[in-house]
Amino acid sequence: MSRCILHVDANCFYASVAMFRAPELRGCALAVGGNENTRHGIVLAKNPQAKAAGVKTGEPLVQARRKCPSLVVVPPDYSDYLLFSKDIRSILLEYTDLVEPFGLDECWLDITGSLHLFGGVPFLVAEQLSERIKSELGITVSIGISWNKPFAKLGSDLDAGDGIVEYTRENYQRTVWTRAVSDLINVGPATTRKLAAYNVRTIGDLAQCSDTYLDRRFGVVGRKLRTMAQGLDTTPVKAMRPEDMDVARTVKSVGNGLTAPHDITCVQDAKALLHQLCESVAHRMREFQVKGTVCGIGVRHADLGGYSRQRKLRMSTHITSEVMNAAWDLLCENEPLDKEHPIRQLHVCMSGLVSQHEPWQPDMFGSEEHRRHLEHLDASIDDLRRRYGNHAVRRLSELADPAIKHLDIKGDNIIHPVSYWA
Amino acid sequence: MPRYVSVVVRFSEEGAITPLEVEWRDGRKFMVDEVADCRRGASMKTGRRGMRYTVRIGAHWTELWLDERGRWFVEEKVLEMPTTV
């Protein structure tokens, strides 16, 4: 039986939520923007009026205002976005248990098994969903319908309004195949350029590429992309876990980064920020019940140039102080931490993850008792934070920099769409 | 803007909430004669979400909202309430 897959995409999600909450802003050119005082002042989302004025997501607010002097900028409200996202997913779960979120504002649904309960016509089910989300939540969604996930997503991407687009086996060659290859999921700017060099410009062109060309230019991924272009992708829609409203994912790395509110020019400020990042990374590893064997840092300077470094650790760990020591050593080896070399952004990442329940070889020359003590300490701190908030227990070094001591890096951590093939 | 109001309600054994009486801002009280509909909704005029009750007060039909935080409100441009019961 042919699958029936829907892709639901909330239009300009952050901006739509902002416009719903503030009716007086509807009709204005509006953007949701980060905090310019802490140097996070970029456009996070824009509404159609701002888009028409040339405002682009990701550009600095200063630049956006030059393009659109009447632009209204509102701060983000992630707790509200999470609430709306959860409520959209709750509505979708009434139609099928196979709901796979893709970020806060997109979901795939597989209604193959439940379609007959709702009238048997996919377009009518999509209409019903769209109407319910609009009337119950006040935001609009566009919906794509097809027999596979990539084409369903192409359908919802096509319409920026609250339209419904269906790609069938009868019409896909004259509709999907004529679209630009860059519209296909997982085809980004670099892949588009590589394809264009061989005159592969549409999804139809990609669908007809040879094995030889794809293997040589793209490796394993090449044939996967062609499979998607041909409508032969059979990736299932994963079922969401209701308790956390997301699908189970294999965690491959845990990282956090932050653009500092001011340039880091001394050891004290670097330590304060790095400690906050390492606290968050280590805490999240413990929540995932994993330990990392590779510690990596990323540094971006004030001139926006940067690099990353990583090191394999002697032992896997999720102990905060060990993650911090490894990250700090990497940073000190590569940065003088002075006024002549200001740092704008730091990132810490632990990878090479293993389950914390896996057997491990104790260090004969180390102090296992001390490590166990540190693990118990971390567990106690985690429990206090779980009960009283992430600021319940702080390290003194984190408080050294007044500009960042109020930050809650772990609390603000939101996982955005991971790879389609994750 | 939402106009928050005081409402006397009944909680059924199953937990259903039924509005019985609405107190207007000038102190007048109005009995709710009929609840025709109750469903989740988004109030586009106020930017609030919650349960939308379509109710009859005397000869007038209007909407009472119970928002996400448990506060009752009406949308500002709703028809003026009839005289006190």
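A search for C-beta distances below 8 Å between a residue of segment A:265-281 that is in contact (Cβ under 8 Å) with a residue 60 or more places away in the chain and any residue that is among the acidic types (Asp, Glu) and surrounded by fewer than 21 Cβ atoms within 10 Å (Cβ to Cβ), counting only pairs 6+ apart in sequence or on different chains, returns A:Thr265/A:Asp338; A:Cys266/A:Asp338; A:Ala270/A:Glu335; A:Ala272/A:Glu398; A:His275/A:Glu398; A:Gln276/A:Glu398; A:Glu279/A:Glu398. May I ask you to verify whether A:Asp162 is under 26 Å from A:Ser114 (Cα atoms), modelled with pLDDT under 95 and either buried (at least 16 other Cβ atoms within 10 Å of the Cβ) or not polar (S, T, N, Q) (or both)? It is true that A:Asp162 is under 26 Å from A:Ser114 (Cα atoms), modelled with pLDDT under 95 and either buried (at least 16 other Cβ atoms within 10 Å of the Cβ) or not polar (S, T, N, Q) (or both). Filtering A:Ala180, A:Ala197 for residues that are in contact with a helix residue (DSSP H, G or I) (Cβ under 8 Å, 6 or more places away or on another chain) and surrounded by fewer than 19 Cβ atoms within 10 Å (Cβ to Cβ) leaves a single hit, A:Ala180. Could you go through segment A:14-26 and let me know if any residue there is surrounded by fewer than 17 Cβ atoms within 10 Å (Cβ to Cβ) and either more than 14 Å from chain B (Cβ to nearest Cβ) or part of a loop (DSSP other than H, G, I, E, B) (or both). Yes; the residues of segment A:14-26 include at least one that is surrounded by fewer than 17 Cβ atoms within 10 Å (Cβ to Cβ) and either more than 14 Å from chain B (Cβ to nearest Cβ) or part of a loop (DSSP other than H, G, I, E, B) (or both).
Residues in segment B:34-52 that are surrounded by 13 or more Cβ atoms within 10 Å (Cβ to Cβ) and away from chain A (no Cβ under 14 Å): B:Val35 only.
Set side by side, the residues A:Leu82, A:Leu30, A:Leu104, A:Leu71 differ, and just one is within 14 Å of chain B (Cβ to nearest Cβ) and either open to solvent by 10 Å² or more (accessible area, probe 1.4 Å) or more than 24 Å from the chain's Cα centre (by Cα) (or both), which is A:Leu82. Scan segment A:107-147 for residues that are surrounded by fewer than 22 Cβ atoms within 10 Å (Cβ to Cβ), among the β-branched types (Val, Ile, Thr) and either modelled with pLDDT of 95 or more or in contact with a Pro (Cβ under 9 Å, 6 or more places away or on another chain) (or both) and the total you get is 2. If you check A:Pro150 against the conditions, is it touching a helix residue (DSSP H, G or I) at 6+ places or on another chain (Cβ under 6 Å) and at pLDDT 95 or above? Spelling it out, A:Pro150 is indeed touching a helix residue (DSSP H, G or I) at 6+ places or on another chain (Cβ under 6 Å) and at pLDDT 95 or above. A single entry from A:Arg39, A:Arg65 fulfils the requirement of being open to solvent by 20 Å² or more (accessible area, probe 1.4 Å), assigned to a helix (DSSP H, G or I) and away from chain B (no Cβ under 14 Å): A:Arg65. Being within 14 Å of chain B (Cβ to nearest Cβ) and part of a helix (DSSP H, G or I) is the filter; apply it to segment A:135-155 and report the residue that is farthest from A:Leu92 (Cα to Cα). Among those that are within 14 Å of chain B (Cβ to nearest Cβ) and part of a helix (DSSP H, G or I), it is A:Ser135.
Is it the case that segment A:219-238 has a residue that's free of Cβ contacts under 8 Å to residues at least 12 places away in the same chain and of a type in the set (Ser, Thr, Tyr)? The answer is yes, given that some residue of segment A:219-238 is free of Cβ contacts under 8 Å to residues at least 12 places away in the same chain and of a type in the set (Ser, Thr, Tyr). Quick check on my filter: what residues within segment A:88-125 are among the aliphatic types (A, V, I, L, M) and assigned to a strand (DSSP E or B)? Correct list: A:Val99, A:Leu109.
Does segment B:54-62 contain any residue that is within 11 Å of the chain's Cα centre (by Cα), outside any strand (DSSP E or B) and more than 12 Å from every other protein chain (Cβ to nearest Cβ)? No, every residue in segment B:54-62 fails to be within 11 Å of the chain's Cα centre (by Cα), outside any strand (DSSP E or B) and more than 12 Å from every other protein chain (Cβ to nearest Cβ).
The values are calculated or read from the model by the stated rules, or taken from the named source; none is laboratory data. A quick note: this is a predicted structure, and the numbers were derived from the prediction, not measured. So basically every Cβ, Gly included, is an ideal-geometry build from the backbone, and we count neighbours across all protein chains shown. Please note that ligands, DNA and RNA were not included when accessible areas were found on the heavy atoms of the full protein model with its side chains. Shrake-Rupley method; radii C 1.70, N 1.55, O 1.52, S 1.80 Å.
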